[in-house]
Amino acid sequence: PLTVKVNSDDCLEIGGCDVTTLVQQFGSPLYILDEDTLRLACRQYRDAFKQYYQGEAQVLYASKAWNCLAVCAIAASEGLGIDVVSGGELYTALTAGVSPEKIYLHGNNKSHSELVLAIESGVTIVVDNWQELHNLVELTQNTQPVRIMLRLTPGIECHTHEYIRTGHLDSKFGFDPNDLDEMFTFVSKQPSLNCIGLHAHIGSQIFELQPHRDLAAVMVQWFRDTAKYGLNLTELNIGGGLGICYTESDDPPSIEDWVKVICEVLQETCAAENLPLPKLLCEPGRSLIATSCVTAYTIGATKIVPEIRTYLSVDGGMSDNPRPITYQSVYRAVVANKMSAPITQTVTVAGKHCESGDILIKNAQLPKTEPGDILVVMATGAYNYSMASNYNRLPRPAAVVVANGEANLILQRETYQDLIRQDCLPERLKI
Ligand code: LLP
């Protein structure tokens, strides 16, 4: 839960900073990241493993949720490792000073240069498919052995949006269970590949515990089976996926419950099979960062369609939060400068993009608003900035981190010059 307060001006305060003052200072739209909330979530994961797991554990932050220098640095300073999925995310994590031993590179189609960067920087590569295995064997002919893990498709269904399910058998990610015999045999014969463990991830925004229970059980079986190939594995990564609360009706399990279930299944299965406990890794993204951030917008035009709806437009939209239009995600909003005003209207919060589907919230319950009021959309820390675009050539918003009444810029607002920085106008096209 975000550390919010309403101050004596009836304004929303986050991390001790008045949101309306932040908008005056940094402009809008503005991502506001509450450092304490993010650190608290990191500690909840870490402490839960300490409490429930008898072996070694390492939490990785799935930085695809929000990858930038400051967020990587905060996660790493809490002892977390970082999961990256591209050369760009890897470069950012390394530049933030994250130790390569704690970085894991994912991806179902890593390029040659991404693999080279991973090998040269000494991070662990989570190998997704045969093609990548062959590419790696070729690239490591003259290098020290590289640390790899193997991503498997566990064939576990879970109830979430079809775009963010990954564990079912026809997923594009990971090795098919039918290929494991051949694949483990192949890997065990590669002196340049030091295979340290197995990985699986079944999907995102999951509210049930059963799929992860099943996953942990299946993974232990596979882990056990690798011994007969002479593979001496030590790490088991069960991915991320724990859902969060976007609205009052969402009721996900707590971080503690999620960790507890996984630890219990693993410990029970290992004990039954007489296996040593693996080093247990997980890589949550959303549940670490989503609720620690809000997006502040300035309210502009209103359009009343009699007897149908009222559109309230804000100065951002699908370019800074593509989740509603992509996954029909539901968000909650408050008016930061009218925190205790009575709720009197149900409105459709619209973005400013030239697209009818650019609706941030369908039925927002708000007090009476005027242009210039500050609308704050809650729980925008995950997959908002990281999926932001320049659609309609809107500059990407700034982001600040707030703590103890202090706000520091962590992402500069893009400028119009930034927007045309990569444009080229060939001589013959000049007018
Ligand atoms: N590990 C792997 C291999 C993943 O693919 C993902 C998410 C995670 C960990 C982190 O999952 P989380 O704990 O955040 O659920 N853009 C979508 C979400 C896509 C998730 C992709 N993979 C959204 O906005 O809902």
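The values are calculated or read from the model by the stated rules, or taken from the named source; none is laboratory data. All figures in this text were calculated on a predicted structure; none of them were measured in a lab. We place every Cβ from the backbone using ideal geometry, glycine too, and count neighbours over all the protein chains shown.
Worth a mention:
- From the options 143, 153, residue that is of a type in the set (Ser, Thr, Tyr), touching a helix residue (DSSP H, G or I) at 6+ places or on another chain (Cβ under 8 Å) and surrounded by fewer than 19 Cβ atoms within 10 Å (Cβ to Cβ): 143
- Just one of the listed residues (85, 19) is of a type outside the set (D, E, K, R) and touching a His at 6+ places or on another chain (Cβ under 6 Å), namely 85.
- Residues of the range 398-422 satisfying the condition of being part of a loop (DSSP other than H, G, I, E, B) and under 16 Å from residue 69 (Cα atoms): 412, 413
- Residue tally, condition touching a residue at least 40 places away in the same chain (Cβ under 8 Å) and either touching a Gly at 6+ places or on another chain (Cβ under 7 Å) or part of a helix (DSSP H, G or I) (or both), over the range 24-39: 9
- Taken together, the residues in the range 356-389 that are more than 20 Å from residue 27 (Cα to Cα) and surrounded by 24 or more Cβ atoms within 10 Å (Cβ to Cβ) amount to 2.
- Considering (1) within 16 Å of the ligand (Cβ to nearest atom); (2) assigned by TED's automatic domain parsing to the domain that holds residue 221; (3) modelled with pLDDT of 95 or more; (4) out of contact with any Pro (no Cβ under 7 Å at 6 or more places or on another chain), the lone condition that residue 267 does not fulfil carries the number (1).
- Being within 16 Å of the chain's Cα centre (by Cα) and away from the ligand (no atom under 16 Å from the Cβ) holds for only one residue in 80, 38, 69, and it is 69.
- Filter pass, residue 291 being part of a helix (DSSP H, G or I), within 24 Å of residue 25 (Cβ to Cβ) and of a type outside the set (D, E, K, R): yes
- Restricted to the range 294-322, and to residues there that are touching a Phe, Trp or Tyr at 6+ places or on another chain (Cβ under 6 Å) and outside any loop (DSSP other than H, G, I, E, B), the residue that is nearest to the ligand (Cβ to nearest atom) is 295.
- Considering (1) under 14 Å from the mean Cα position of the chain (by Cα); (2) of a type in the set (D, E, K, R); (3) in a helix (DSSP H, G or I), the lone condition that residue 101 does not fulfil carries the number (1).
- Subset of the range 333-355 [in contact with a strand residue (DSSP E or B) (Cβ under 9 Å, 6 or more places away or on another chain) and surrounded by fewer than 18 Cβ atoms within 10 Å (Cβ to Cβ)]: 340, 341, 343, 344, 345, 346
- Looking across the range 243-285 at every residue that is in a helix (DSSP H, G or I) and without any contact (Cβ under 8 Å) to a residue 12 or more places away in the chain, the one that is farthest from residue 224 (Cα to Cα) is identified as 268.
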